[in-house]
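Novice: Below is one structure. I have some questions about it.
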Amino acid sequence: HLSARLQTVADFVPTGARLADIGSDHAYLPVHLAKAGQLTHAIAGEVVKGPFENAEQEISLEGLTAVITARLADGLAAIKPEDQIDTVTIAGMGGTLIATILEQGKVHLNHHERLILQPNVGEDNVRRWLQANQYQIIAERILAEDGHIYEIIVADPVAQTVVYTDNELKFGPFLLTEKSPVLKAKWQRESQRLGQVIKTMQQAKHAPQTKIADFQAQQQLIQEVIL
Ligand code: SAM
């Protein structure tokens with residue numbers, strides 16, 4: 001079975017999807033969905049040879065070579081027009097890398113795809129890319145598993161740009177409305193981290209006052225908006 005993190009990503013893949021899972025590693029996500037009969041077709045994209053071979057092996061072990069194709073490719077270059085992909089998942093990487101993959105590979109998108117993204121950190125980079133490329137966030141999830149807190153962002157293409165506030169970009173438009181205990185725990189942790197950084201800076205011989213003020217402002221924002 002899948003981790004709670006990947007299961008949450010899987011929950012947003014429509015039944016009968018033509019899926020591209022980018023950075024698939026062992027292809028656990030498409031394999032799980034294909035075994036459940038939920039996919040019409042899938043691409044498991046990997047840029048590194050080892051993980052690509054893991055994906056190939058897993059797909060053939062599960063007897064799913066007719067449904068899932070592993071491709072050694074950088075980011076969205078794994079997608080070919082004839083695949084007629086309608087759903088893209090990118091999970092388990094930093095938000096900056098996810099945004100870079102989307103930006104560098106956007107020629108491979110037909111702008112009809114649902115995007116299901118699971119950044120480990122730097123979620124604001126992902127939301128900023130979505131806003132700049134006419135995607136609307138339709139759902140968000142946050143969950144804790146094995147001591148980590150994960151966010152899942154689901155977006156569909158729209159004709160009109162949806163503009164988010166700075167707070168929505170940082171904390172998530174849906175997560176902000178919901179303000180779950182897990183969201184509070186995440187930002188409590190971040191506030192404590194900032195506090196440590198501030199303390200260390202204040203002890204320095206030439207304390208960097210502007211940086212300290214910036215970190216204090218970040219802490220205060222978290223306090224006001226979330227806690
Ligand atoms: N998606 C799986 C998950 O969430 O459990 C695997 C996550 S794993 C930590 C990240 C994978 O992304 C690695 O296997 C890495 O090789 C791959 N990756 C990183 N950059 C990539 C890129 N530009 N294109 C395709 N795959 C990439």
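The values are calculated or read from the model by the stated rules, or taken from the named source; none is laboratory data. Computed from a predicted model, the values in this text were never measured in an experiment. For neighbour counting, all protein chains shown are included, and Cβ atoms are generated from backbone atoms with ideal geometry for every residue, glycine included. Note: areas computed on protein heavy atoms with side chains; ligands, DNA, RNA excluded. Shrake-Rupley method; radii C 1.70, N 1.55, O 1.52, S 1.80 Å.
Novice: With the other protein chains left in place, how much accessible area per residue, in square angstrom, belongs to the stretch 14-69 at a 1.4 angstrom probe?
Specialist: Numbers: 2490 Å² over 56 residues.
Dividing the accessible area of the stretch 14-69 by its residue count gives 45 Å².
Novice: Considering only protein heavy atoms and a 1.4 Å probe, what is the carbon-and-sulfur percentage of the accessible area of the chain? Mind dumping the intermediate values first?
Specialist: Details: 5690 of 11370 Å².
Looking at the chain in its full context, I get 50 percent from C and S.
Novice: Kindly rank 167-174, 154-161 from highest to lowest mean number of other beta carbons found within 10 Å of each residue.
Specialist: Working: 167-174: 19.2, 154-161: 14.5.
Top to bottom by mean Cβ count within 10 Å: 167-174, 154-161.
Novice: Determine the equivalent ellipsoid of the stretch 104-192 by diagonalising the alpha-carbon gyration tensor, then write out the semi-axes as square roots of 5 times the eigenvalues, largest first, rounded to whole Å.
Specialist: Details: eigenvalues 121, 37, 24 Å².
Here the semi-axes work out to 25, 14, 11 Å.
Novice: Between residue 1 and residue 40, what is the FRET efficiency for a Förster distance of 22 Å, r being their Cβ-Cβ separation, to the nearest 0.05? Intermediate results must be reported in sequence, preceding the final value.
Specialist: Working: r = 22 Å, r/R0 = 1.02.
So, using R0 = 22 Å, E works out to roughly 0.45.
Novice: Would any residue of the stretch 144-166 have its amide N under 17 Å from a label point 7 Å out along Cα→Cβ of residue 111? List them or say none.
Specialist: Counting backbone N atoms under 17 Å from the label point, the list is 155-163.
Novice: Using the heavy atoms of the protein chains and a 1.4 angstrom probe, tell me the accessible area per residue for the stretch 183-225 in square angstrom. The partial results should precede the final answer.
Specialist: Details: 3020 Å² over 43 residues.
Ligands and nucleic acids excluded, the result is 70 Å² per residue.
Novice: Quick check for me: using +1 on Lys/Arg Cβ and -1 on Asp/Glu Cβ, what's the dipole size of the stretch 1-146 about its Cα centre, in debye to the nearest 20?
Specialist: Details: 11 positive and 19 negative charges, 62 e Å.
Its charge dipole is roughly 300 debye.
Novice: Using helices alone, I'd like the mean residue ellipticity at 222 nm for the chain: each DSSP H run of four-plus residues gives -39500 (n - 2.57), total over residue count, nearest 500. Numbers along the way, then the final one.
Specialist: On the way: 9 runs with 101 residues, N = 227.
Taken over the chain, the calculation gives -13500 deg cm²/dmol.
Novice: Shifting gears a bit: Mind pulling the per residue volume of the convex hull built on the Cα atoms of the chain? Å³ is fine.
Specialist: On the way: hull volume 31.8 nm³, N = 227.
Spread over its residues, the Cα hull of the chain gives 140 Å³ apiece.
Novice: Which angle between 0 and 90 degrees, to the nearest 10, do you get for helix 209-225 versus the longest principal axis of the chain when only C-alpha atoms count?
Specialist: 70
Novice: Specify whether the C-alpha gyration tensor of the stretch 17-77 places it in the rounded, prolate or oblate class, a ≥ b ≥ c being the square roots of the eigenvalues: rounded for a/c under 1.5, otherwise prolate if a/b is larger than b/c and oblate if not. Don't skip to the answer; put the middle values down first.
Specialist: Numbers: a/c = 2.13, a/b = 1.36, b/c = 1.57.
Since a/c reaches 1.5 but b/c is at least a/b, the shape of the stretch 17-77 is classed as oblate.
Novice: Volume per residue, Å³, of the convex hull around the alpha-carbon atoms of the stretch 60-132? Write down the numbers at each step before the final one.
Specialist: Details: hull volume 7.4 nm³, N = 73.
Residue-normalised Cα hull volume stands at 101 Å³.
Novice: If you don't mind, there's one more thing I want to ask. Using Cα pairs under 8 angstrom and six or more residues apart, how large is the relative contact order of the chain, in percent? Present the calculation step by step, with values, prior to reporting the outcome.
Specialist: On the way: 392 pairs, mean separation 33.0, N = 227.
Relative contact order for the chain comes out at 15 percent.
Novice: Counting residues in the stretch 146-227 as N, plug N into 2.2 N^0.38 Å and put the Cα Rg over that result. If you can, show how the numbers build up before the last one.
Specialist: Working: Rg = 15.9 Å, N = 82, 2.2 N^0.38 = 11.7 Å.
Normalised Cα radius of gyration, the stretch 146-227: 1.36.
Novice: If you place +1 on the Cβ of every Lys and Arg, -1 on the Cβ of every Asp and Glu, and leave all else neutral, what size is the dipole of the stretch 136-227 about its Cα centre, to the nearest 20 Debye? Don't skip to the end; give the middle numbers.
Specialist: Working: 10 positive and 11 negative charges, 112 e Å.
In debye, rounded to 20, the stretch 136-227 gives about 540.
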